[in-house]
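Enquirer: Sharing a structure, written as structure tokens. Questions coming.
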Amino acid sequence: MTYILIVLITLLGAAVAILFIYISELKRTMIELDEEQHQQHKEMLELMKMQMQHTEILTYLTDQDPLIGKKELLYPTIVDEA
């Protein structure tokens, strides 16, 4: 009877050790994914800043041009209608 208990405790100990190893690998993977996502967020913020700068430049240029927004169509019709 004691041999069965010793074997069961040994098996349970091995199972717990395997679970701890698996959990530590999952934790390491989560940390790597978090770092990668952080880097992607930084790159996305940089791209958004660049896009905002381009938008501001285009807005400034269109505000300086007196013809933009004031053009009239020569033949105001519905396009693609027979």
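Enquirer: Looking only at residues in region 5-14 that are surrounded by 10 or more Cβ atoms within 10 Å (Cβ to Cβ) and of a type in the set (A, V, I, L, M), which one is nearest to the chain's Cα centre (by Cα)? So that I can check it myself, show each step before the final result.
Expert: Kept after step one, since they are surrounded by 10 or more Cβ atoms within 10 Å (Cβ to Cβ), are these residues of region 5-14: 6-14.
Then drop every residue that is not of a type in the set (A, V, I, L, M), which leaves 6-9, 11-12, 14.
Details: 6: 50, 7: 48, 8: 46, 9: 45, 11: 42, 12: 40, 14: 39 Å.
For region 5-14, the residue satisfying everything is 14.
Enquirer: Shifting gears a bit: Out of all the residues in region 41-82, which are among the aliphatic types (A, V, I, L, M) and at pLDDT 80 or above?
Expert: At the first step, the residues of region 41-82 found to be among the aliphatic types (A, V, I, L, M) are 44-45, 47-48, 50, 52, 57-58, 61, 67-68, 73-74, 78-79, 82.
Once the filter is applied, which keeps residues that are among the aliphatic types (A, V, I, L, M) and at pLDDT 80 or above, region 41-82 yields 44, 45, 47, 48, 50, 52, 57, 58, 61.
The values are calculated or read from the model by the stated rules, or taken from the named source; none is laboratory data. Everything quoted here is computed from the prediction, not taken from an experiment. All Cβ positions, even for glycine, are placed from backbone atoms using ideal geometry, and neighbour counts span all protein chains on display.
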